[in-house]
Every structure is written in C-alpha cells, then in structure tokens.
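Visitor: One structure, as structure tokens, below. Some questions next.
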Amino acid sequence: MKTLTCTTPGVFEYSEAEKPELKSGHAIIKIKRIGICGTDLHAFEGTQPFFNYPRILGHELSGELVEADGAVGFRIGEAVTFIPYFNCGECIACRMNKPNCCVKMQVCGVHVDGGMREYLQVPSKTLLHGEGLSYDELALVEPLAIGAHGVRRADVQPREFVLVIGAGPIGLGTMEFARIAGAKVIALDINEDRLAFCKDKLRVAHVVNALSPDVIQQLSNITNGDMPTVVIDATGNQKAINNAINYMAHGARFVLIGLQKGDLIFSHPEFHKRESTLMSSRNATIEDFEHVIKSMKAGLVNPTNYITHQVKFEEVKDEFEKWLDPKNGVIKAMVRIEN
C-alpha cells in the first residue's frame, strides 16, 4: 500500500508498505479521506509538543471497513470513522471515565503512526458507524468533537456569552457547538477573512478583531458591561492565552483547547478576584463524537463549509507546505485517496 511519512520537520516521503494483517480485537479501514489539522501542520513545522519523527500523520479519517474482529454491529463494506485516541483502559483517568486523557494515551498520527496510507488498523472498540454521512463529513467528525468537548467542559448554558479565541477549524467547531448549546457566541481573531466566515457561514452574532485597540471595550459593549462568562482558547498561541484573563467576567470559566509549549503567565490578582475557573480540554469522548454525528444528521452543522482545499493523496507532498501560509485561506484541506 502507498504510505506518506513525515521523516523530519519539513520533509515528506512516499513509500510502499505491506497492508496490515488483521489482529485480534482490531479492524482494518480502507482510508478514503484525510482531514489536515493543526497538529499535522505543527508536526510538519516541528513545533508540535509530544512528538517524534519519523511519523505517518493523519487522524481526521474516514473510510470503508474491509476487515474486522470483535466489531459487534458493524458490517464489512460500510462507511466508518473512529475515535483516534487509543487509551489503556486501566489507568486512573480511564477508571474515572476520562479515556480522552489516559495516562498512556496513544493518539493516532501523533504518538503512533496515523492514516496517511491506504489501509489503517485500529482497535475495533474505537469504530463509529457512518450513519449515512459522506466520507468528507465523517472525516470532519473528530475535529468538531474537539470543540464539542471543550463546550461540554465549560458547561455552557443557554443565553450566556461565550468568547471563542481563534477562528481556525477547532475554534470554528467550538463556536458551532456553543451556538447549539444556546450560547451567544463572540468570535475573536486577527484575520478579517476568518471573522467574515464566522458571520456569513456560521451565524456567529458578534466578531471582534484581536488587533483592535479597544477589544475589552467592545466585549464590554456586547455583553452589556458583564464580559463573557465563558472564554475558550482555540489558538494554542501563548500571547493570546496569557492575555485572555482580561476578557473574563467575574465568576467566569476559562477553557484551554489550544496547546502551546510555553508557560501560562497571568496576573494572579486579576485571576483571583474573579474567582475564575481554569480548565484544559484534551481530545474528546465517545459522547462528544456521538453528539457531533447527531448534530450533523439533524442539519445543525454543515461540515462541508469548512472544506476550502481538496487534493489527491499523490499531491500532498507538493501541496502541504502551502497550507501553512495564511494568505492561501485554508480552513480545512481534505485529502482524497482513490483506492
């Protein structure tokens, strides 16, 4: 089978490999779509935490189920996606029903080789039915689940103001699921095109450019002087994360979906006087995946809005670096494998 490996930062190489042989309790998927996410881009740049090379990237995946053992209720030939976080099932996090932050977590395409290849073997317990969704839609379930999980972590309530910082794919999905939860969503980004996308495509009521000199005043005006009661960072940018404390209402929750390598540095008095709650949000759980699929089927989310670039698998090596340049307007690049 054809395989694409990121051998070192900035370098991809195609190669031929043996198709996997089915193991007990596992399933083999013929990969049809690969969504490109920030993790893939950061790995290519050499800025992704918890990462080593060489690595086959890709965890936003969909395909056809071709072999399976222990996949009760699944049939060969059906369209599937899967939960790409392989947990141990035994550690403290798993015992607390938090497999998304397993102590021994193996994320497909990050800690173990991912889906930039024609066939991928995964634990059967991670499979998800396609539910009639297209391969494109199924490959977008995972990134949307990241946002859905962050919204669930924040316990977003109807009518409260939720500020989402970062209008990349994860931030956009977070906005969608905050809206679905009934919140009044505010998008904050430095890219005017992304902010326009939020208003035109996602029906986000309020957008603010983070480069404006009066961001705090704009947020105060939008929230009738209260400031947002939920702030969610989806940038993974140190400056944005450290500054976000200033945007919080008293009693607010601050949820970090974005991940950066540096320290969290903010004023303790500013954080303390608000009686703020700080949370991280890692990966997602089956409840989040099922919520995303249900929302897609109900028409509450149009995942194809996100796909701005489509390429064949054979073109990835030549095209990938272009997706790093903001001028190219990439929201979601989708790779097709025509096998």
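The values are calculated or read from the model by the stated rules, or taken from the named source; none is laboratory data. Fair warning: this is a prediction, and the values are worked out from it, not measured in the lab. Cβ atoms come from the backbone with ideal geometry, glycine included; neighbour counts cover every protein chain shown. Please note that ligands, DNA and RNA were not included when accessible areas were found on the heavy atoms of the full protein model with its side chains. Shrake-Rupley method; radii C 1.70, N 1.55, O 1.52, S 1.80 Å.
Visitor: With charges set only on the Cβ (+1 for Lys and Arg, -1 for Asp and Glu), what does the dipole of the chain come to about its Cα centre, in debye to the nearest 20?
Guide: The dipole of the chain has a size of about 720 debye.
Visitor: Would you look at the GNM of the chain, springs on alpha carbons closer than 10 Å, and say which of Thr47, Thr174, Thr285 moves the most?
Guide: Most flexible of the set in this elastic network: Thr47.
Visitor: Can you list residues from other chains, or at least 5 along the same chain, whose modelled amide H is less than 5 Å from the amide H of Met116?
Guide: For Met116, whose amide H was placed from the backbone, the distant partners under 5 Å are Leu57.
Visitor: Could you sort out which of Lys201/Lys273; Lys184/Lys332; Lys32/Lys261; Lys98/Lys327 sit more than 30 Å apart by Cα distance in this structure?
Guide: Lys201/Lys273; Lys32/Lys261; Lys98/Lys327
Visitor: With θ set to phi - 60° and the Karplus curve 6.51 cos²θ - 1.76 cosθ + 1.60, what are the ³J(HN,Hα) couplings of region 75-86 in order, to the nearest whole Hz, using x for Gly and Pro?
Guide: Computed from phi, the couplings for region 75-86 are 10, 4, x, 7, 6, 9, 10, 7, 8, x, 10, 8 Hz.
Visitor: Same structure again: Gaussian network model of the chain, Cα springs within a sub-10 Å range: biggest mean-square fluctuation belongs to which of Ile92, Ile232, Ile29?
Guide: In the Gaussian network model the winner is Ile92.
Visitor: Here's a follow-up. Would you mind working out the magnitude of the charge dipole of region 48-179 relative to its Cα centre, with +1 at each Lys and Arg C-beta and -1 at each Asp and Glu C-beta, to the nearest 20 Debye?
Guide: With only Lys, Arg, Asp and Glu charged at Cβ, the dipole is about 600 debye.
Visitor: Are there any trypsin sites (Lys or Arg not before Pro) in region 54-158 that are in a DSSP loop and have at most 16 other Cβ atoms within 10 Å? List them by number.
Guide: Arg75, Lys104
Visitor: If you don't mind, another one. Using a 1.4 angstrom probe on heavy atoms only, work out the carbon and sulfur share of the accessible area of region 202-303 in %.
Guide: Whole-percent figure for carbon plus sulfur exposure: 51.
Visitor: Please report the projected area of region 105-193's Cα convex hull averaged over all directions, in nm². Before the final figure, lay out each step's value.
Guide: Values: hull surface 32.1 nm².
For region 105-193, averaging the hull's shadow over all directions gives 8.0 nm².
Visitor: Per residue, how much accessible area does region 145-213 show when a 1.4 Å probe rolls over the protein heavy atoms, in square angstrom?
Guide: Ligands and nucleic acids excluded, the result is 39 Å² per residue.
Visitor: For all pairs of alpha-carbon atoms in region 1-136, what percent lies in each bin of width 5 Å, listed from the first bin to the last filled one?
Guide: 2, 11, 19, 21, 20, 16, 9, 2, 0
Visitor: Here is a further query. Taking a quarter of the surface of the convex hull around the Cα atoms of region 160-267, what do you get in nm²?
Guide: Quarter of the Cα hull surface area: 6.3 nm².
Visitor: With a 10 Å cut-off between alpha carbons and a GNM built on the chain, which of Leu61, Leu127, Leu163 moves the most?
Guide: Leu127
Visitor: Dividing the Cα convex hull volume of the chain by residue count, how many Å³ per residue is that?
Guide: Taking only Cα atoms, the chain has a hull volume of 131 Å³ per residue.
Visitor: Give me the 1.4 Å probe accessible area per residue for region 8-100, excluding ligands and nucleic acids, in Å².
Guide: 47 Å²
Visitor: For region 1-110, what % of the accessible area comes from carbon and sulfur atoms, probe 1.4 Å? Show your work: numbers first, answer last.
Guide: Numbers: 2530 of 4970 Å².
Using a 1.4 Å probe with all protein chains present, region 1-110 comes out at 51 percent carbon and sulfur.
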